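Participant: Can you read through this structure? Questions will come right after.
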Amino acid sequence: MLPLVAIIGRPNVGKSSLFNRMIGKRVSIVDPTPGVTRDRITTLLEVRPPEDAPEGSITRLVDLADTGGYGIYTAEGGSLDDAGCDLSRLSSEVESQIHAALREATVILFVIDAQVGLVALDRAVAGIIRKGGFAGRTIMVANKVDDHSWAAAASEAGKFGLGEVHCVSATSGLGVRGLKELIWVGVGEPTPEAPRTEMNLAIVGRRNAGKSSLVNAMAGQPRVIVSEIAGTTRDSIDVRFEADGRIFVAIDTAGVRKQRSWADDVEFYSHTRTGTAIKRADVCILLLDATEKVSQVEKKLAMDLMEQYKPTVVVLNKWDLVDKNLEADSYLKYLTQELPELSFAPIVCVSAKTGEGVEDAVRMAFNLHTQAGHRETTGKLNAVVQEILTARGPSSKLGTIAKIYYITQIAIRPPTIAMVVNKPKLFEGQYERYLLNRLRDELPFSEVPVRLTFSARKARPHHSRPE
């Protein structure tokens, strides 16, 4: 698991704008309406080493999380959103997400608004950080320092006793590079992860695909409500199992359907919690109804699973009801065409009603969990990638020859391979997809997503001779 960097603070200090600026694209919604960000939004961030880092230092990967504004509903009172929902009811959920982020974070970015100055909610957040023992992991960030005239006002936050205040502007990008360098230092060297004995297995799919029935088949008894009424499961439900001496947790999720079909706010939050279940899963089962065509909902779920690098077993339920004249090869070709993102994922046919194939699906999930937890040696990686590069390297219109200076695996679950190269742009896009396919052929990652990162070798500082 990668180090977590959590952005916290009161509403309207520009946390989401800073989040988007740091990752270089718009992921978190930016809106002047307080409370737009309610759940934690997490994405991958590459942080490069500072100029004075030791030679050979490489890019570090972190999960960057944008949290909801602390105290928004206390500050605003019981207001209604545009759907007529009383936002004050969400206060405990939003603030529990913030507390969870504080506990889990390796580095905390406590953001204040330099132009407004310190207010009571800022002091409340600072108090929570100090009382919780999080001060040592906190970087004070003064946002909206759009020019140096605001720097003096920003320094006022130093009275919180949380260290030096770092000034940034999410609008112009001022100070953001320096902030990333502070994060690089704060997360420290990646440490090997201890082996885990438990697997979280999220079961996702559209409505009525048989997710609850599959959980019941795993348990051998009714543990989850099974109903013909669409959408019975409105939240994620965890069920603990032990199979062959190994413990795993199956997460049964609400059925997903197109956004325009959502009936109410409860369905919106059910959809959100399905996304949360995917995030905390080690392995996912994408459950398809074998008697139905693949839908847009399932295509979107497949994309979500791959964007989050989740090992996925494609499980075809109700296989016992499929026309016996249907050839397996033609159906496999159809699935590859409809779900190209999962072309390497294993497929298991089951009948949740009879229990046939269910044990095979669980065994395959454990197999993927093992693959995703494998750590390859640097020597093997170098040998394999150099062989691939010799056979077919990336092409350049300018005739630039691609070179790889250093390769190492920096994380597991997902397997993450960092490469220091001469021209990162040469390796991105089409060649990256080719390289991923070849790596799956040569390494024990044949059925799981692999994350590649490319960074340029840091130039050595130039020292001029004294006259």
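Participant: Within the set of pairs 6 or more residues apart or between chains, which connect a residue that is assigned by TED's automatic domain parsing to the domain that holds Thr390 and over 13 Å from Leu381 (Cα atoms) inside the stretch 435-448 to a residue that is of a type in the set (D, E, K, R) and modelled with pLDDT under 95 with Cβ atoms less than 6 Å apart?
Facilitator: Ser446/Arg440
Participant: Within 22 Å of the chain's Cα centre (by Cα) and modelled with pLDDT of 85 or more: does that describe Asn200?
Facilitator: Yes, satisfied.
Participant: Quickly run through the stretch 14-41 and pick out the residues that are buried (at least 21 other Cβ atoms within 10 Å of the Cβ), in contact with a Lys or Arg (Cβ under 8 Å, 6 or more places away or on another chain) and at pLDDT 55 or above.
Facilitator: Of everything in the stretch 14-41, those that are buried (at least 21 other Cβ atoms within 10 Å of the Cβ), in contact with a Lys or Arg (Cβ under 8 Å, 6 or more places away or on another chain) and at pLDDT 55 or above turn out to be Gly14, Met22.
Participant: Among the helices (runs of 4 or more DSSP H) lying completely within the stretch 277-395, list those that include at least 3 residues that are touching a helix residue (DSSP H, G or I) at 6+ places or on another chain (Cβ under 7 Å) and at pLDDT 90 or above.
Facilitator: The helices (runs of 4 or more DSSP H) meeting that bar are 296-307.
Participant: Among Thr106, Thr59, Thr67, which is among the polar types (S, T, N, Q) and at pLDDT 90 or above?
Facilitator: After ruling out the rest, the residue left standing is Thr106.
Participant: A follow-up question, please. With of a type outside the set (A, V, I, L, M, F, W, C), within 30 Å of Asp282 (Cβ to Cβ) and crowded, with 19+ Cβ neighbours inside 10 Å as the only criterion, which of Glu447, Glu442, Glu376, Glu356 stands out?
Facilitator: Glu376
Participant: So which of Glu198, Glu181 ends up being surrounded by fewer than 19 Cβ atoms within 10 Å (Cβ to Cβ), touching a strand residue (DSSP E or B) at 6+ places or on another chain (Cβ under 8 Å) and more than 25 Å from Val47 (Cα to Cα)?
Facilitator: Glu198
Participant: Here is a follow-up. If we keep just the residues of the stretch 291-305 that are closer than 20 Å to Lys333 by Cβ and of a type in the set (Val, Ile, Thr), which is surrounded by the most Cβ atoms within 10 Å (Cβ to Cβ)?
Facilitator: Per the stated criteria, the residue is Val294.
Participant: Sticking with this structure for a sec: Considering only residues of the stretch 396-419 that are of a type in the set (Gly, Ala, Ser) and in a strand (DSSP E or B), which is nearest to Thr59 (Cα to Cα)?
Facilitator: Ala418
Residue by residue, here is whether (1) at pLDDT 90 or above; (2) more than 30 Å from Val313 (Cα to Cα); (3) among the β-branched types (Val, Ile, Thr) holds:
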position: Glu156; (1), (2), (3): no, yes, no
position: Asn216; (1), (2), (3): no, no, no
position: Gln221; (1), (2), (3): no, no, no
position: Val226; (1), (2), (3): no, no, yes
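The values are calculated or read from the model by the stated rules, or taken from the named source; none is laboratory data. Values in this document were obtained by computation on a predicted structure and should not be read as measured data. Glycine also receives a Cβ, built like all others from the backbone with ideal geometry; neighbour counts cover every protein chain displayed.
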